[in-house]
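Visitor: Before anything else, here's the structure in question.
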Amino acid sequence: MEPNKVAMIIRDVDNQWEGLRSSLGLGLEMIETDMFLIGEVSMPEDRVEGYKENLEFLKDELECQHFTDSQANVEKWGFFEYMSFDDMAKKLSEYDLVVPF
């Protein structure tokens, strides 16, 4: 069975880039994918521009939603929607597959 709706939960700072790229890959396969980022984004300077471009493409072209429990991410990156950790947990029941990073 192929999932119709996937949640990517990115918690590990070392996997933020990989989680974003995996979300992009699923979106390009036309699988509805939303990203949940726990904590603040910590991106090496040489990946900041690519991170922003991928966030923008996911949101604008693939209609992927980006949720975060950090208001700092909303302010710094501009593509995230704030959602409390508890509300994230409740929302996960809407997905066919939850992938932790």
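Rule-based calculations on the coordinates, nothing more; no lab input. Just so we're clear, the structure is a prediction, and the values are computed from it rather than from any experiment. Ideal geometry is used to build each Cβ from the backbone, glycine not excepted, and the neighbour counts take in all protein chains shown.
Visitor: Answer with one residue from VAL41, ILE9, GLY25: the one whose Cα lies farthest towards the positive end of the charge dipole of region 1-53, charges on Cβ with Lys, Arg +1 and Asp, Glu -1.
Guide: So the residue furthest toward the plus end is ILE9.
Visitor: Also, I was wondering about something else. Mean residue ellipticity at 222 nm from the helices of the chain, using -39,500 (n - 2.57) per DSSP H segment of n ≥ 4 over the full residue count, to the nearest 500 deg cm²/dmol? Before the final figure, lay out each step's value.
Guide: Working: 4 runs with 40 residues, N = 101.
Value at 222 nm, helices only: -11500 deg cm²/dmol.
Visitor: While we're here: Treating the beta-carbon of each Lys and Arg as +1 and of each Asp and Glu as -1, no other charges, what is the dipole magnitude of the chain about its Cα centre, to the nearest 20 debye?
Guide: Values: 9 positive and 23 negative charges, 36 e Å.
Using only the charged Cβ atoms, the result is roughly 180 debye.
Visitor: What share of the DSSP beta bridges in the chain is antiparallel, in percent to the nearest 5? Before the final figure, lay out the partial values.
Guide: Details: 0 of 15 bridges.
Roughly 0 percent of the DSSP beta bridges within the chain come out antiparallel.
Visitor: Sort 80-89, 26-35 by the packing proxy (mean of other Cβ within 10 Å over each peptide's residues), most packed first.
Guide: Details: 80-89: 14.1, 26-35: 18.2.
Highest to lowest by the protection proxy: 26-35, 80-89.
Visitor: Separate question: With Rg and Dmax of the Cα atoms in Å in mind, check [x] 12.5, 39; [y] 17.7, 65; [z] 13.1, 39 and report the label derived from this structure.
Guide: [x]
Visitor: Can you compute the modelled spin-label distance between MET30 and ASP86, with each label point 7 Å from Cα toward Cβ, in nm?
Guide: With each label placed 7 Å out from Cα toward Cβ, I get 4.0 nm.
Visitor: Once the piece of chain linking ASP12 and GLU63 is laid out straight, how much longer is it, given 0.36 nm per residue of separation minus the C-alpha distance between them? List each step's numbers first, then the result.
Guide: Values: separation 51, 0.36 × 51 = 18.36 nm, distance 2.39 nm.
My answer for the length gained is 16.0 nm.
Visitor: Relative contact order, percent, of the chain when contacts are C-alpha pairs under 8 Å separated by at least 6 residues?
Guide: Working: 160 pairs, mean separation 37.5, N = 101.
So the answer I get is 37 percent.
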